[in-house]
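Have a look at the structure below, then the notes.
The values are calculated or read from the model by the stated rules, or taken from the named source; none is laboratory data. The structure displayed is predicted, hence computed values, not measured ones. Positions of Cβ are generated from backbone atoms using ideal geometry, with glycine treated the same way; all protein chains shown enter the neighbour counts. Areas reflect the complete protein model, heavy atoms only, side chains present, ligands, DNA and RNA absent. Shrake-Rupley method; radii C 1.70, N 1.55, O 1.52, S 1.80 Å.
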Amino acid sequence: MVLTDPKIQSEDRSLDLTLRPQVWAEYIGQEAVKKNLKILIQAAQERGEPIEHLLFYGPAGLGKTTLAHLIAKELRTQMKVTSGPAIERVGDLASILTNLSAGDILFIDEAHRLNKLIEEILYPALESRSLDIVIGKGPSARTIQLDLPPFTLVAATTRIALLSSPLRSRFSGGTFRLDFYSEEEIKKIIERSAKILGIEIDNGAIEEIAKRSRFTPRVANRLLKRARDFAQVEKAALLNKDFAVRALELLEIDLAGLENTDRMILETIISKFGGGPVGLSTLAAATSEEKETIEEVYEPYLMQLGFIERTPRGRVATRRAYEHLGRPRPAESSFLA
Ligand code: ADE
């Protein structure tokens, strides 16, 4: 069950809830992570203890929140969902923590956006289940200590490097990295989603959507729905490859899954900065995108494809990027890759 209170968000709606796997068997991929989690859960259950705190990291849309839900379900416990930026004040965190029941899971998304003050309060809460709050100011200030019920923090971040090391070290249950999915896994996810949504789809369409889905379930599900809309408007009973291709072309998603902004970032590095290296701030200014958006949304996939590289002096477009955009390649010697 998922509860809400003022600072506890309503659920992440970006992944259609009907498509979210409800049991482990439905969760495709991330096999190593799943195996580790299952052992952790079973061992804790056998001992009758809550599981230790967990951290999930990796690019957006790969299923970090879904995994947390599955853990809560397996443990038949309540999960409260919030996020780093939603916890602004110490009082926000105090309210969340004091409302937990024994065995609850607290899920904090975007954990890299927790502010320092909040982190300081979290440490003792995680380690000794005590909440230390300072009341008043100056000479009359005093600290009160509240005992918290045994609970498990499951935190997720797309930017593990931004988490302070004291916070990172508190995840005694483990830190798990979620990777991009394989094309085969994405195909299975699309097939499953199509079944749930009642979409008649053929293998050609599944393959086409999978190829352009950035190896990311959230993207695959979004593209599937847009392709379904397209076929429906065209009064087609079957979503076949032709409809999928036309729907994806209309969305300007190319054969490598790149969208307009991805291509614009590559074009900018190549045209304005001679292929790089170019610093992140300069690139952000030249593309009118936020630095954080480039780093969190666009770069992970461009790097996964080997289209850009991060070097100490900045971002560099690789030979593959030139080839993909059909750009003439400068002298070979200027390439890193
Ligand atoms: N939907 C989103 N992520 C999924 C996954 N890993 N397996 C199955 N369906 C999903």
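Among the residues of segment 219-236, those that are surrounded by fewer than 20 Cβ atoms within 10 Å (Cβ to Cβ) and under 17 Å from ARG20 (Cβ atoms) comprise ARG222, LYS225. For the residues ARG159, ARG129, the requirement of being under 30 Å from ALA256 (Cα atoms) and in the same structural domain as LEU55 (by TED's automatic domain parsing) singles out ARG159. Of all the listed residues (VAL297, VAL316, VAL278, VAL233), the sole one being of a type in the set (A, V, I, L, M) and assigned by TED's automatic domain parsing to the domain that holds ILE209 is VAL233.
Looking at segment 182-202, which of its residues are touching a Gly at 6+ places or on another chain (Cβ under 9 Å) and either basic (Lys, Arg) or within 11 Å of the ligand (Cβ to nearest atom) (or both)? Result: GLU185, ILE186, LYS188, ILE189. Filtering segment 256-273 to residues that are farther than 13 Å from LEU283 by Cβ and touching a Lys or Arg at 6+ places or on another chain (Cβ under 7 Å) leaves only GLY257. In a residue-by-residue description of segment 168-177, the property of being of a type outside the set (S, T, N, Q), within 16 Å of the ligand (Cβ to nearest atom) and farther than 25 Å from PRO300 by Cβ applies to no position.
Of the helices (runs of 4 or more DSSP H) lying entirely inside segment 227-337, those containing at least 3 residues that are charged (D, E, K, R) and farther than 20 Å from GLY204 by Cα span 260-273, 319-325.
Looking only at segment 208-224, which residues are within 15 Å of the ligand (Cβ to nearest atom), within 17 Å of GLU249 (Cα to Cα), in contact (Cβ under 8 Å) with a residue 40 or more places away in the chain and part of a helix (DSSP H, G or I)? Result: VAL219, ASN221. Among the residues making up segment 60-101, those that are assigned to a helix (DSSP H, G or I), under 18 Å from ARG129 (Cα atoms) and out of contact with any Ser or Thr (no Cβ under 7 Å at 6 or more places or on another chain) are VAL90, GLY91, ASP92, LEU93, ALA94, SER95, LEU97, THR98. Selection over segment 156-179 of residues that are open to solvent by less than 40 Å² (accessible area, probe 1.4 Å) and either of a type in the set (A, V, I, L, M, F, W, C) or touching a strand residue (DSSP E or B) at 6+ places or on another chain (Cβ under 7 Å) (or both) gives a count of 10.
I'd like to verify a number: residues in segment 156-176 that are part of a strand (DSSP E or B), more than 23 Å from LYS291 (Cα to Cα) and not β-branched (Val, Ile, Thr), how many? Selection size over segment 156-176: 2.
Of the set (1) part of a helix (DSSP H, G or I); (2) open to solvent by 50 Å² or more (accessible area, probe 1.4 Å); (3) away from the ligand (no atom under 16 Å from the Cβ); (4) farther than 22 Å from GLU299 by Cβ, all apply to ALA205 but (2).
Residues that are open to solvent by 60 Å² or more (accessible area, probe 1.4 Å) and without any contact (Cβ under 8 Å) to a residue 12 or more places away in the chain within segment 92-134 comprise GLU120, SER128, VAL134, listed in sequence order. Entry remark, segment 23-59: residues being outside any loop (DSSP other than H, G, I, E, B), open to solvent by 10 Å² or more (accessible area, probe 1.4 Å) and more than 12 Å from the ligand (Cβ to nearest atom) number 12 in total. Scanning segment 182-199 finds no residues that are in the same structural domain as ILE51 (by TED's automatic domain parsing), in a loop (DSSP other than H, G, I, E, B), open to solvent by 40 Å² or more (accessible area, probe 1.4 Å) and of a type outside the set (Ser, Thr, Tyr).
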